Ligand SMILES: Nc1ncnc2c1ncn2[C@@H]1O[C@H](COP(=O)(O)OP(=O)(O)OP(=O)(O)O)[C@@H](O)[C@H]1O
Ligand SMILES: [Mg+2]
């Protein structure tokens, strides 16, 4: 291709600029080398990301088939070598190749020659997880209470009113000492609250109508029929298990398989978000470390943001902002930078932008938006460069060690040293079977929780022929459980006890009152905080 000469900046000026801009004092990840034109690579001008700036987050974007996943693989390999644990969602299963050494090929050869880099086929330490045990991996589950109302509302596609109602129901469960561990617990609670026996309780929750509770219940049933019940429950995944280095000092790469993603997109993105929120909660503050404590790759990130409520987006933006000081770097991987909301995009220090398409007017608009987010560059027409990038090439800018953006560099990326295709199924099965985590998480447990407690309560009530069960005291603690099963929800939020018991007012009338609106807003905020607390500790 001849990226027309008018676009091509003076190569020597560019080389010098990139050499200076990417010369860091500390260790860095090697992305590749500068290209001044489509057929001129400059190995003397390497393009890199300082290890210490990875907790300033990043974006890997590009149209399908342009090399996003290979970039992710490349970054994961070098992070592991640097002793940094990595988590990545393995959407298409191709990242499992990380566990096997790569095979030499003419294409890898020519790339390495152009970049002047030695290529040593290497396999990396990998742990395989599978959501709910669907697929080849150690099962990963979350309890409902830890998942929280906001994330669950996203999964269920609830509207705002339903979302806040669900929040109030969670709060009620907390207060009543009813552990919500799996989907059946929440279903049992909603059934109870909409039954003759539980009606009075529902009224006491304030602002939750029988109709709304019914809608939530039905959507839970639908979720269950989609097979989602396997993802919720115990033993719950302990996110500190991700923070592992091997005996030889390499960072463990934890890959999460996401089966049938297309059927249940919201479920997977919210699970990743849950992991992040939980990590945030469990990790100590480290300020700005020399290297990150973990790098988290959020693939198919657009799924997280599609149709998300404001409260949800706030939560994501806040998590991204705050998790930095815990040493965690997040890389969002998606097709277009416009998939990521501005508040989040503004917090992403590194950008690896693979080729963008400009077929449709919508593409063209997205392209323009993408170009406008770059710092000033030597390229007269960055849009043109972005649409003409070859596979495994990207336009890069990162945050230098002083926190300033590096020069925009058209980069040829290195080839990963592990296999650029899925690992052998037998190797994957053997890896999972041998994993000590399989012993911890392999088998689901079902301990006494809301479902059993409510059943017992109803039985008692029936015996006494008394429909109204006693209201539990607000300060009541959940019953003690064996220390091995310590993950119990504890009261943690202070939601204003909204609603007055007198009126027959419809929900609409109630929610439109300014006082109620305020109460719900406060409640929502508390619930957001509650999600951070994730009911664990
Ligand atoms: N850095 C690289 N080194 C060598 N080959 C690469 C590199 N990047 C991409 N390729 C080649 O391009 C192909 C597609 O790359 P990749 O799977 O990373 O694309 P993608 O952007 O993740 O696509 P999708 O959106 O479909 O997931 C790879 O299978 C590989 O052959
Ligand atoms: Mg991919």
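The values are calculated or read from the model by the stated rules, or taken from the named source; none is laboratory data. Since the model is a prediction, treat every value here as computed from it, not as a measurement. Here the Cβ is made from the backbone with ideal geometry for all residues, glycine too, and neighbour counts use every protein chain on show.
Of 452, 448, which residue is out of contact with any helix residue (DSSP H, G or I) (no Cβ under 7 Å at 6 or more places or on another chain), surrounded by 15 or more Cβ atoms within 10 Å (Cβ to Cβ) and outside the structural domain of residue 246 (by TED's automatic domain parsing)?
On the way: 448 fails: surrounded by 15 or more Cβ atoms within 10 Å (Cβ to Cβ).
That would be 452, the only listed residue that is out of contact with any helix residue (DSSP H, G or I) (no Cβ under 7 Å at 6 or more places or on another chain), surrounded by 15 or more Cβ atoms within 10 Å (Cβ to Cβ) and outside the structural domain of residue 246 (by TED's automatic domain parsing).
Within region 211-252, can you find the residues that are in contact with a strand residue (DSSP E or B) (Cβ under 7 Å, 6 or more places away or on another chain) and not in a loop (DSSP other than H, G, I, E, B)?
231, 232, 234, 242, 245, 251 - these are the residues of region 211-252 that are in contact with a strand residue (DSSP E or B) (Cβ under 7 Å, 6 or more places away or on another chain) and not in a loop (DSSP other than H, G, I, E, B).
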Q. Would you say residue 277 is surrounded by fewer than 20 Cβ atoms within 10 Å (Cβ to Cβ), part of a helix (DSSP H, G or I) and out of contact with any strand residue (DSSP E or B) (no Cβ under 6 Å at 6 or more places or on another chain)?
A. no
**Q.** 2 or more residues free of Cβ contacts under 8 Å to residues at least 60 places away in the same chain, on the phi < 0 side of the Ramachandran plot and more than 13 Å from ligand 1 (Cβ to nearest atom): qualifying helices (runs of 4 or more DSSP H) within region 1-115
**A.** 11-21
Q. Among the residues of region 45-76, which ones are closer than 14 Å to residue 397 by Cα and within 11 Å of ligand 2 (Cβ to nearest atom)?
A. 60
Q.
Given the condition under 21 Å from residue 59 (Cβ atoms), touching a residue at least 60 places away in the same chain (Cβ under 8 Å) and part of a helix (DSSP H, G or I), answer yes or no: does some residue in region 253-260 qualify?
A. no
